[in-house]
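Engineer: Have a look at the structure that comes next, please.
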Amino acid sequence: MREQEKADRIHKALDTFRIELPSWGFANTGTRFGKYLQPAAASSLEEKFADAGMVHQLTGASPSLALHVEWDLPRGLGDVPEVRSLEKKYGLRAGSINPNLFQSQDYKFGSICNPDPAIRAKATDHLLLSVELGKRLGSCDLSLWVADGSNYPGTQSIRKRIEWMTEALTTAHAALAPNQRMLIEYKPFEPAFYHTDIADWGMATELARAAGPQARVLVDTGHHYQGQNIEQIVAWLLHLNLLGGFHFNDRRYADDDLTLGSIDPYQVFRIFHEILNDPAAISSVAFMIDQSHNLKGKIEAMVQTVCTAQELFARAALVDRERLAELQQSCSLVEAEELFRSAFWEDVRPVVREWRRAHKLNEDPLQALAESGYVDRIARERGEKNACAAASYA
Ligand code: PSV
Ligand code: MN
């Protein structure tokens, strides 16, 4: 492929590439063993919007912010006016709405799969509120993770819980506006360690089908068993027209929430290759980041993630798909593999920098962030408030 064709492909790919930021990625979060608190962490919705706005200003590729209902919109519909004004102030729109079915004490034995009908009703009401929030905020994706499950064999009826889950999802789906979607996320374990009610893509697929035509599956890259072939799952979901979106992060062991591409960039490339094989998917599949950085600076890590995603997407766009199809057809294994891998090994960074210049962005967003002094400034401004939180935490 000529250099000019490569550059054109990369520009075209980056023009379409957008990735959503998670509000919770800017706040102090940690592991179940504790948190290392950062003076620059966001502790209000406005601070989360401000930080995400900075990431978008630097990258030009992250124009929306995912909101978690209990963490960001604790007053429910009463928070809508504030979100609307923050959207304007920071040049970002509200992204996916994430119901929270895991924090209330009532959910100890489950939320929409709890044996107690009153608790199931409370959880279903929360889903309905989340759908309504999406309508008021013009956000089309309800991004649903259900933490329900059990820790010991024999302690819960897996079959009854399938029925309860189906009932709740069907009820929430019936409330969706025509432009809204329900994205169903799966996770094999954690917080439940014996069985999880939506443990894999097969269960999520069947539940999406049962819920209704606007339901899709959400693939969180950290939510798989070791060695699982995630791009094959992606290919299947595309084939079924059931792929709704991604929560991107990297992992070495389980749901580690590490920076995208830090452990296995080739896997991200392979996932993007499947997406780029399906032209309709590029506009219909939601790319979202789901990472909480405990050690790295949060804003720096988000900029790094967006840039890494752009680079890996650009590399996947360099696969000569027509030639690859011929080589696959003739079972030319080494040639096919080399063609595929050589796109992965391309250094696309000079063209990505050129794309940034063409869009009046700084060609090195991480350096631009450092030079802006933004993190130092917010660390000073928020330091005292965060130190008080640290004192009460210690
Ligand atoms: C759960 O591990 C998860 O991936 C879900 O998407 C949550 O909404 C998110 O992390 C934040 O806890
Ligand atoms: Mn997730």
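Engineer: If a residue must be among the charged types (D, E, K, R) and closer than 21 Å to Arg159 by Cβ, how many such residues does the range 109-122 contain?
Structural biologist: Result for the range 109-122: 2.
Engineer: What number of residues within the range 306-360 are open to solvent by less than 10 Å² (accessible area, probe 1.4 Å) and not in a helix (DSSP H, G or I)?
Structural biologist: 2
Engineer: Can you name the residue in the range 100-115 that is assigned to a loop (DSSP other than H, G, I, E, B) and touching a residue at least 40 places away in the same chain (Cβ under 8 Å) and is also nearest to ligand 1 (Cβ to nearest atom) among such residues?
Structural biologist: It comes out as Phe102.
Engineer: Looking at this structure, is Met302 part of a strand (DSSP E or B), hydrophobic (A, V, I, L, M, F, W, C), farther than 20 Å from His11 by Cα and open to solvent by less than 20 Å² (accessible area, probe 1.4 Å)?
Structural biologist: The answer is no for Met302.
Engineer: Let me spell it out: the conditions are (1) away from ligand 2 (no atom under 16 Å from the Cβ); (2) in contact (Cβ under 8 Å) with a residue 60 or more places away in the chain, and Leu86 meets all of them except one. Which number is the exception?
Structural biologist: (2)
Engineer: Could you give me the residue pairs with C-beta distances under 7 Å whose first residue belongs to the range 147-167 and is farther than 25 Å from Asp125 by Cβ, whose second residue is open to solvent by less than 20 Å² (accessible area, probe 1.4 Å) and outside any helix (DSSP H, G or I) wherever it lies, and which are 6+ apart or on separate chains?
Structural biologist: Sorted first by the residue in the range 147-167, then by its partner, the pairs are Asn151/Ala192.
Engineer: Restricted to the range 24-69, and to residues that are among the hydroxyl-bearing types (Ser, Thr, Tyr) and in contact (Cβ under 8 Å) with a residue 24 or more places away in the chain, which residue is farthest from Ser139 (Cα to Cα)?
Structural biologist: Filtering the range 24-69 for residues that are among the hydroxyl-bearing types (Ser, Thr, Tyr) and in contact (Cβ under 8 Å) with a residue 24 or more places away in the chain, the one farthest from Ser139 (Cα to Cα) comes out as Tyr36.
Engineer: Check whether at least one residue in the range 223-231 is touching an Asp or Glu at 6+ places or on another chain (Cβ under 7 Å), within 16 Å of ligand 2 (Cβ to nearest atom), more than 23 Å from Arg32 (Cβ to Cβ) and not acidic (Asp, Glu), and report yes or no.
Structural biologist: Scanning the range 223-231, I find no residue that is touching an Asp or Glu at 6+ places or on another chain (Cβ under 7 Å), within 16 Å of ligand 2 (Cβ to nearest atom), more than 23 Å from Arg32 (Cβ to Cβ) and not acidic (Asp, Glu), so the answer is no.
Engineer: Within the set of pairs 6 or more residues apart or between chains, which connect a residue that is under 30 Å from Ser262 (Cβ atoms) inside the range 307-334 to a residue that is in a helix (DSSP H, G or I) and at pLDDT below 95 with Cβ atoms less than 9 Å apart?
Structural biologist: Within 9 Å, no pair qualifies.
Engineer: I would also like to ask the following. Within the bounds of the range 148-166, is there any residue that is of a type in the set (A, V, I, L, M) and under 20 Å from Gly245 (Cα atoms)?
Structural biologist: No: zero hits.
Engineer: Anything in the range 173-190 that is open to solvent by less than 20 Å² (accessible area, probe 1.4 Å), within 16 Å of ligand 2 (Cβ to nearest atom) and not hydroxyl-bearing (Ser, Thr, Tyr)? List them, or say none.
Structural biologist: Result: Met182, Leu183, Ile184, Glu185, Lys187, Pro188.
Engineer: From Phe26, Phe17, grab the single residue that is of a type in the set (Phe, Trp, Tyr) and more than 30 Å from Ala280 (Cβ to Cβ).
Structural biologist: Phe26
Engineer: Those residues that are in a helix (DSSP H, G or I), more than 16 Å from ligand 1 (Cβ to nearest atom) and buried (at least 22 other Cβ atoms within 10 Å of the Cβ), I need them from the range 132-167; list them, please.
Structural biologist: If the condition is that a residue be in a helix (DSSP H, G or I), more than 16 Å from ligand 1 (Cβ to nearest atom) and buried (at least 22 other Cβ atoms within 10 Å of the Cβ), then Trp164, Met165 are the ones that fit.
Engineer: Here is a further query. Checking Ser283 against (1) small (Gly, Ala, Ser); (2) open to solvent by less than 70 Å² (accessible area, probe 1.4 Å); (3) touching a residue at least 40 places away in the same chain (Cβ under 8 Å), only one condition comes out false. Which one?
Structural biologist: Every listed condition holds for Ser283 apart from (2).
Engineer: Now for a separate question. Hey, among the residues in the range 197-213 that are surrounded by fewer than 19 Cβ atoms within 10 Å (Cβ to Cβ) and of a type outside the set (Lys, Arg), which one's farthest from ligand 1 (Cβ to nearest atom)?
Structural biologist: The residue in question is Pro213.
The values are calculated or read from the model by the stated rules, or taken from the named source; none is laboratory data. Only a predicted model underlies this, so the values are computations on that prediction, with no experimental measurement involved. Methodologically, a virtual Cβ is constructed for each residue, glycine included, from the backbone with ideal geometry; neighbour enumeration extends over all protein chains shown. Side chains included, ligands, DNA and RNA excluded: accessible areas come from the protein's heavy atoms. Shrake-Rupley method; radii C 1.70, N 1.55, O 1.52, S 1.80 Å.
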